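The values are calculated or read from the model by the stated rules, or taken from the named source; none is laboratory data. Everything numeric here is computed off the predicted structure, so don't read it as measured data. Cβ atoms come from the backbone with ideal geometry, glycine included; neighbour counts cover every protein chain shown.
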Amino acid sequence: MRVFYKVTPHSVLFFRDPRPFTSGEQSLARLQFPPRLTPFLGALRTRYLEDRARDDKKRVKEIFSTYEKQLKSISIFWFSLFKQGMPILPAPFDALAEWKQLPDDRFITEKEKDVPVLQRNKNGKSKDLVYISVEKLGGYLKGEKISYDDFIFSDKLWKFENRVGIMLSPDKKTAERSRFYRITVARLKPGVGFLVGVEMDDNVSLPDSFTTRLGGEGHIAVWDKVGNDEFKVKESNTNLRFNKAIAIVHIPIKFLDGDTNIDAEIAIRNWCIGKLDNIGGWDYKNNHPKPLLKTLKPGSVLFPQFGESFQCDIYEINFNGARIRVVKDIFAFHKNNHDGKFYLGKISPELGDPNTLLIVKD
């Protein structure tokens, strides 16, 4: 079963980046925004488990093992912002930068155009995020050029605000002197929210409308189911050949032993990417931080080897005439640290791991 939810925060949002932070002992907690899909997947699974605990009249930790299979069946096949009801996505990096065939000794490179698109800072790095509508992305996938007027900059989508927190004494619940810390939060502009495509087993059900906590600081978001007539989804499992893929979420890069067996793989002949992101998380099962993982940013563009096929699950989604094909649960990996070659492979996320999503172009 597949459904779409529009997620509308009713306050500011705070998603902390992977750097360690202890409130009161450190003075600055850093924001990671726009967020990854992990908190949304966790909110969905938590809501399902809390509903089952209420129905079974038991505590959540007492029923976790009973519903673990159902929890794992809840996954995300689409994740984006929306504005005025329609999805908007990170602009493909090759629409913002010229790229060339990469030298053998350096596999990651890009050359920026001399146009005022990214609002460069003095170090030459982008200080703004750029989005496009799903209709413009559909045109881009057909070979149409994206113009400057098609870009949606982040100042039209959200703004940042500063907050000050005070560490409380655990035993007295009072504020301690000199234990202030600062956070930066994001406030979405009116009409902006998140669109989440959810897949689950037929025996798993979620309400049509509900609230969850989302991100840090305990803020609330409302989830509203979208009618099936608004966005149509068709799934197929086939050998896919494609000449371009665009990341719409963070895509992990892993360095594997050359003998590691991967279910499916396809060589990357070139790519257009920005600076890699480090992401992390908390392992609730083992009660310690997860190791940091290098990832490709949303908007990264991958060019696979021509003629190779890829066995994968494909979601064909029609957004008011814009046909988008999505491949779920793919990662990039390096077989050998010295040969300079990267590949795409299929993964099966463990419970607690995020889904990954790539848009593909035939």
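Okay, residues lined up against (1) surrounded by fewer than 22 Cβ atoms within 10 Å (Cβ to Cβ); (2) more than 16 Å from the chain's Cα centre (by Cα); (3) in contact (Cβ under 8 Å) with a residue 12 or more places away in the chain; (4) closer than 18 Å to ILE253 by Cβ:
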{"site": "LYS297", "(1), (2), (3), (4)": "yes, no, yes, yes"}
{"site": "PHE306", "(1), (2), (3), (4)": "yes, yes, yes, no"}
{"site": "ALA322", "(1), (2), (3), (4)": "yes, yes, yes, no"}
{"site": "ILE330", "(1), (2), (3), (4)": "no, no, yes, yes"}
{"site": "HIS334", "(1), (2), (3), (4)": "yes, yes, yes, yes"}
{"site": "PHE342", "(1), (2), (3), (4)": "yes, yes, yes, yes"}
{"site": "LYS346", "(1), (2), (3), (4)": "yes, yes, yes, yes"}
{"site": "PRO349", "(1), (2), (3), (4)": "yes, no, yes, yes"}
So which of GLY299, GLY307 is at pLDDT 90 or above and either in contact with a Gly (Cβ under 8 Å, 6 or more places away or on another chain) or under 22 Å from GLY143 (Cβ atoms) (or both)? GLY299
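Within segment 50-60, does at least one residue satisfy the condition of being modelled with pLDDT under 95, crowded, with 19+ Cβ neighbours inside 10 Å and in a loop (DSSP other than H, G, I, E, B)? Outline the logic, then answer.
Narrowing segment 50-60 to residues modelled with pLDDT under 95: 50-60.
Narrowing further to those that are crowded, with 19+ Cβ neighbours inside 10 Å: none.
Looking for residues that are modelled with pLDDT under 95, crowded, with 19+ Cβ neighbours inside 10 Å and in a loop (DSSP other than H, G, I, E, B), one finds none in segment 50-60, hence no.
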Among the candidates ASP283, ASP362, which residue alone is modelled with pLDDT under 85, within 21 Å of LEU41 (Cβ to Cβ), surrounded by fewer than 20 Cβ atoms within 10 Å (Cβ to Cβ) and charged (D, E, K, R)? ASP283
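Show me the strands (runs of 3 or more DSSP E) entirely contained within segment 101-194 in which 2 or more residues are at pLDDT below 90.
By residue number, 158-168, 175-188.
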Please work out if GLU217 is modelled with pLDDT of 90 or more, in contact with a Gly (Cβ under 9 Å, 6 or more places away or on another chain) and either part of a strand (DSSP E or B) or not aromatic (Phe, Trp, Tyr) (or both). no
Mind checking which pairs have a first residue in segment 219-248 that is touching a residue at least 24 places away in the same chain (Cβ under 8 Å) and over 29 Å from ALA332 (Cα atoms) and a second that is assigned to a strand (DSSP E or B) and among the charged types (D, E, K, R), Cβ under 6 Å, 6 or more apart or different chains? ASP224/LYS6; VAL226/LYS6
Could you please find all residues in segment 286-296 being modelled with pLDDT of 75 or more and within 29 Å of ARG2 (Cβ to Cβ)? LEU293, THR295, LEU296
I'm trying to understand the selection: among the residues of segment 308-318, which are part of a strand (DSSP E or B) and surrounded by fewer than 21 Cβ atoms within 10 Å (Cβ to Cβ)? GLN311, ASP313, ILE314, TYR315, GLU316, ASN318
Only residues that are at pLDDT below 90 and either crowded, with 21+ Cβ neighbours inside 10 Å or among the aromatic types (Phe, Trp, Tyr) (or both): list them for segment 81-93, please. PHE93
